Every structure is written in structure tokens, then in C-alpha cells.
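Heads up: the structure comes next, in C-alpha cells.
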Amino acid sequence: MENTKKILNKAMEEKYSIPQFNINNLEWAKFILEVCEEQQSPVILGVSEGAAKYMGGYGVVVAIVKSLIEELKINIPVCLHLDHGSSFESCKKAIDSGFPSVMIDASKYELEKNIKITKEVVDYAHKRGVTVEAEVGHIGGEEDGVVADVAYAKVEDAVELYKQTNVDLFAPALGSVHGLYDGEPKLDFIRMNKIKELTRIPLVLHGGSGIPDNLIREAINNGICKININTELQITWHNDVVKFVTKNKDVYDPRKVIKSGEISLKKAVRDKIKLLGSNNKA
Ligand code: 13P
């Protein structure tokens, strides 16, 4: 496993985006890794605090991903990344368990406190070769059961946070939301470009599900190097599982139930990799 530095710097130079696919269990990690290997796409596996808890803890997630890489002979660059770490303690726990990358999301606080917490995480992480993502403004929508409104990042706040923390990658809120969109997302490409020009670090687009392809391409042209995708995979997988369960009411083997969403989940992963242009970049 590796941190995000090399893969995101290459993506920034060559203008494509690395996908962050969020994982929820062993099967999702396996399905995603198999497609990324087939497509020769570097990948970031995102794990929210809720998903880590569901799987049994950060150490369990690290062990699952490391073992899959070994047993499945995965040779592409794989980064395991804590998604929306809510505190220094949570990020420290993930880092101490072997995560090569973390996000500290202190965006619910005012700028000064966001900077203080982010800097604390960066100082701890960098000493251990771990990369850090921070959030400025507030990405809205539903995340781990919590619903919030979007608050666009201010350019000067983004620059200030970058200067004071030396963070590796940045998720400025620019109009995308977690979960489903009501209409077309209103992404602020002008602001995105300004933040890119003034910070020159890889930018992250959260809420990658449901954004039309042309807007995804425009985001990549304006400095986005990492796009997070979760809801779209969940919906695709769920649709097929519902069909399977409805048709096969007497099948109770969980392996068959979970696997019934494999083909469509893999197709969604493959399609996103091609859209983001990360295929054959391993
Ligand atoms: P979606 O669930 O909207 O794809 O967003 C994922 C995400 O941004 C995780 O941080």
C-alpha cells in the first residue's frame, strides 16, 4: 500500500483523476481491486469512520486490504484512505493501524480551529510518511447518516489553510454534495481554478456520484485529481440484489446474495475509471 503523493502528482501532471471508491465490506474491496487491476488503474480505497466501525475497526480494514492485495496478486498502486476523519484522535488511530493516508474533516469548525486541528494531524502524519487531505467550506448532503447544507469554500480560506498546514491534498466545497442530487450540481469551476492556481496541490471532488460526465471532465481540467464515489456503487449493487432476492426467495446463502450485485458494481467501477482516465496509468 502507498500514500497518495506519487499517484496524485502524476494525475495532476497528466490531467486525469484517480478514483476513490469507498468500501463497505470485504466483498466491495475485492470487487473493486479486481476491476482496478484489470484496468491497470491506481486506486484509493476510501473508508469512512462508520464503515471502519462496521468492519470491526481500522486494524481489520488494513488487514483485509493488505491480504487481498497479496492473495489476489494485485500489482497496481493501492492507497487506503480514511474518509472524513472527524478528530485528531480518529486520524491518529487510523495512522497507527497502518492507513497510509487520512482525511481530517474539521470543516464544521471556523477556519482558525480547522487550521489548528488539520495542522496537528499533518504534523503527526508527515513524520510517519502518511498523506493528509483537508476540507474547506462544507460539502453538503448525507454522510454516514448526517445531513448538512453545502457552504462553498472561500478562496482566501483555502489558501490560508494550505499555507499554515502544509496539507497534501485539498477538498474545497465547490457545489458537489454527498448522496443524490436534486437536479444538476452547480459546480463553481472559477473558484476551483483559482484554488488550484494559488495552492498547486491536488484537489479532491467529493460527492462524485450522479455528476454528469461533461462536468466531471471539466472538473478534471480545472485541477481535480481525486474523485470520491460511493452512492452510485451502492445504488447499482442494491438494484441487482433486490432483483435477485425477489426472484430467488429461497436462496439464503449470503455469498450468493452479496455476489448478485457483483457484475453491475464492477461495471460501474470500470465505467468510472474510463471516465476519469485512470486506466493504464498504474
Ligand atoms: P457520493 O456518495 O455522493 O458518491 O460521495 C462520496 C464521497 O464523497 C465520500 O467522501
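At q = 0.15, 0.21 Å⁻¹, what log₁₀ I(q)/I(0) does a Debye calculation on the Cα points of the stretch 1-142 give, no solvent, two decimals? Debye intensities relative to I(0), on a log10 scale: -0.74, -1.34.
Whole-Hz Karplus values for the stretch 191-199 come out as 4, 4, 5, 4, 5, 4, 5, 7, 10 Hz, taken residue by residue from phi with 6.51 cos²θ - 1.76 cosθ + 1.60 and θ = phi - 60°; glycine and proline positions read x. Rg and Dmax of the stretch 241-282, both derived from C-alpha coordinates alone, stand at 14.5, 44 Å. Taken along the Cα-to-beta-carbon direction at a fixed 7 Å, the label points for Phe189 and His126 span 3.4 nm. Taking the charge dipole of the stretch 70-213 about its Cα centre, with +1 at Lys and Arg Cβ atoms and -1 at Asp and Glu Cβ atoms, the residue from Gly85, Leu169, Ile211 reaching farthest to the positive side is Leu169. Using C-alpha pairs below 8 Å separated by at least 6 residues, the relative contact order for the chain is 21 percent. Across q = 0.14, 0.22, 0.25 Å⁻¹, the stretch 68-158 modelled as identical point scatterers on its alpha-carbon atoms has Debye log10 I(q)/I(0) values of -0.56, -1.07, -1.23, in the order of the q list.
The length gained on full extension between Asp182 and Lys163, counted as 0.36 nm times the residue separation minus their Cα-Cα distance, comes to 3.3 nm.
Could you give me D for the chain, from Stokes-Einstein at 37 °C and 0.692 mPa s, where the hydrodynamic radius is the Kirkwood radius over C-alpha pairs? Units µm² s⁻¹, please. Value of D from the Cα-based Kirkwood radius: 175 µm²/s. Using the rule -39500 (n - 2.57) for each DSSP H run of four or more residues, divided by the residues of the chain, the 222 nm mean residue ellipticity is -15500 deg cm²/dmol. If R0 is 45 Å, the Cβ-Cβ spacing of Ala148 and Asn239 corresponds to a FRET efficiency of close to 0.95. To the nearest 0.05, what FRET efficiency results for Lys247 and Glu38 with a Förster distance of 22 Å applied to their C-beta separation? The formula returns an efficiency of 0.20 here.
Comparing Ile117, Ile229, Ile139 in a Gaussian network model of the chain, where Cα atoms under 10 Å apart are tied by springs, the biggest mean-square fluctuation is seen for Ile117. Pick out which of Leu26, Leu265, Leu45 has the largest mean-square fluctuation in a Gaussian network model of the chain, springs linking Cα atoms closer than 10 Å. Of Leu26, Leu265, Leu45, the Gaussian network model singles out Leu26 as fluctuating most.
Which FRET efficiency value, to the nearest 0.05, is calculated for Lys10 and Val257 with the Förster distance at 35 angstrom and r the Cβ-Cβ distance?
Details: r = 39 Å, r/R0 = 1.11.
For R0 = 35 Å, the calculated efficiency reads 0.35.
For Gly223, nonlocal amide neighbours, meaning residues 5 or more places apart or on other chains whose placed amide H falls under 5 Å from its own, do not occur.
Please report how far the C-alpha centroid of the stretch 104-154 lies from that of the stretch 20-80, rounded to the nearest whole angstrom. So the two Cα centres are separated by 23 Å.
Below 8 Å, C-alpha to C-alpha, sequence gap of six or more: please give me the relative contact order for the stretch 208-282 in percent.
35 percent
Size check on the stretch 23-105: the Cα extents along the three principal axes, sorted descending, read 36, 21, 18 Å. Could you work out, for the stretch 187-282, what percent of all Cα-Cα pairs fall into each 5 Å distance bin, beginning at 0 Å and stopping at the bin that holds the largest distance? Using 5 Å bins, I get a P(r) of 2, 12, 19, 17, 13, 11, 9, 7, 5, 3, 1, 0 for the stretch 187-282.
Coordinate-derived values only; no laboratory data. Since the structure is predicted, the reported quantities are computational estimates derived from the model, not experimental observations. Note that we place each Cβ from the backbone using ideal geometry, even for glycine, and neighbour counts take in every protein chain shown.
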